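Since every read-out is calculated from the coordinates, none of them should be taken as a lab result. Not measured: the values here are computed from a predicted model. Here the Cβ positions follow ideal geometry from the backbone for every residue, glycine too, while neighbour counts run over all protein chains shown.
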Amino acid sequence: MYLFAHAMVGLLIGVVLAAIAGDRRVLALAVLGAVLPDLIDKPLGHILLAGTLGYGRIYFHGLTILFLIVIAGLVLYSYRRRIELFALAAGMASHQFFDGMWRHPVEWFWPFLGPLQNHGYPEDYFWESVLRELAQPSEWLFFFLITGLFVYLYRRELASALRGLGGSSMRLALAAALGLAVLAAGWLLLP
C-alpha cells in the first residue's frame, strides 16, 4: 500500500479516536502511526542496511515494536489518562494489516522466528519506488483528500494562523508559493 493511502486510513482511524476521546490531537498521531513503519523501515532497510538487509519491511513492520508502543501507551494511560500512544499504535496496526504482514512471518514476529533475511532488492530501489508511488494518481487523490480533511477539521486554527501572518499580500504570497510547489511536483512526475 502507498504512503498517502496509509495516511488516509490513519486519518479515518484518528477521526474515530478523536470522537471517542474528545481530543483532536490524536488525529495527527494516528496518521503518523499509519505512515511511521514506512518512514523508518524503508530508508533504514533500503539505504542504510542495503548491503545486509535490502528490505523495507523490518522493525516497525513487526509486532515487537507495536507491542512496545502499546505497553508504553498502557503506562501513559494508567498515569495520565492520555491515549496518544494508543492512537499511534492503532495507526501502526493498520499499516501492518494493509501491508499483509502475516504473509511475512519472519519480519512480523521478529526476532522470535530468526534473523531478518536479505531480500536482494537493487541499490536504487528506494528512490525508484518513491518516484513510482508519487506518479500514481491515487496517491495524489489521497494527498488532496487528507489535506482537505485536515483543513476542514482544523479550520479555526488555520484561520487564526493566517490572520497572524499579517496582511492579505502575505497570504496571497503563501497561496502562490503553495500553488507553485504543487505544479512543480506535478511537472517533475511527468514522463
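Here the gap between Leu12 and Val75, fully extended at 0.36 nm per residue and compared with their Cα-Cα distance, gives a gain of 20.2 nm.
Helical runs (DSSP H, four residues minimum) scored at -39500 (n - 2.57) apiece and divided by the length of the chain put the mean residue ellipticity at 222 nm at -23000 deg cm²/dmol.
Please state the shape class of the chain: rounded when a/c is under 1.5, otherwise prolate if a/b exceeds b/c and oblate if not, all from the C-alpha gyration tensor. Oblate, because a/c is 1.5 or more while a/b does not exceed b/c. Between Asp23 and Phe97, the modelled label-to-label distance comes to 2.2 nm, taking each label 7 Å out from Cα in the direction of the beta carbon.
Pick from Tyr121, Tyr59, Tyr152: which residue has the top mean-square fluctuation in a GNM of the chain where Cα pairs under 10 Å get a spring? It is Tyr152. Between Ser129 and Tyr59, the FRET efficiency estimated from the beta carbon spacing at R0 = 22 angstrom works out to 0.75. Computed from the Cβ-Cβ distance with R0 of 22 Å, the FRET efficiency linking Leu178 to Arg155 stands at 0.85.
As an exercise, identify the trypsin sites (Lys or Arg not before Pro) in the stretch 1-88 lying in DSSP coil whose Cβ has no more than 14 other Cβ atoms within 10 Å. Hits after loop and neighbour filter: Arg81.
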